[in-house]
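Notes follow the structure.
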Amino acid sequence: MNGRTGGPPGPRWLRYGAGLYFSRCSGKSNDYTQVRATQPGPRSSQSVPHHSMLLCKVALGRNKKTLNDDRELTKEKLLNEGYDSISGNAGVDLNFPEDVIFDSDAALPSYLITYCLYD
């Protein structure tokens, strides 16, 4: 894996370490999209942010479920505990569930979704 994965800038926001983050809730995923381009809106003077999102099939393998953060989590630490991935369940700190994998081969991008949010 190269580069930053998930969350706002800075490692302090990576709830479960530097992994690949996924959510079954498109609204949560939308919060992490970054505007890469604008296109004309319905009114010629309006510029509309363009978003992109990948819909992926993710193989979680042996999955650890938790309500607690572990910002120091690594692939090695998780494997030593007998797990391949971790899932943060909604509850104490999370409003929506998220799944984290540490092996990019476990994710298969299936669809590229592009969209605009109009006011």
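Calculated FRET efficiency, residue 62 and residue 32, Cβ-Cβ r, R0 25 Å, to nearest 0.05?
0.45
Determine the sum of side-chain charges near residue 106: Lys and Arg each +1, Asp and Glu each -1, restricted to other residues whose C-beta is under 13 angstrom from that of residue 106.
The answer is -1.
Return, for the Cα atoms of segment 66-106, the radius of gyration and Dmax in Å, separated by a comma.
10.7, 30
Give me a comma-separated list of calculated 3J(HN,Hα) values for segment 16-29, in order, Karplus coefficients 6.51, -1.76, 1.60 applied at θ = phi - 60°, integers in Hz, x for any Gly or Pro.
Ordered by residue, 3J(HN,Hα) equals 10, x, 7, x, 9, 9, 9, 9, 7, 9, 4, x, 5, 4 Hz.
Grab the Cα-Cα distance for residue 93 and residue 115, subtract it from 0.36 nm times how many residues apart they are, and report the gain in nm with one decimal.
So the chain would gain 5.0 nm between residue 93 and residue 115.
Read-outs throughout are calculated quantities, based only on the coordinates presented, and are distinct from any laboratory measurement. Here the structure is a predicted model, which means the values were calculated and not measured. Methodologically, a virtual Cβ is constructed for each residue, glycine included, from the backbone with ideal geometry; neighbour enumeration extends over all protein chains shown.
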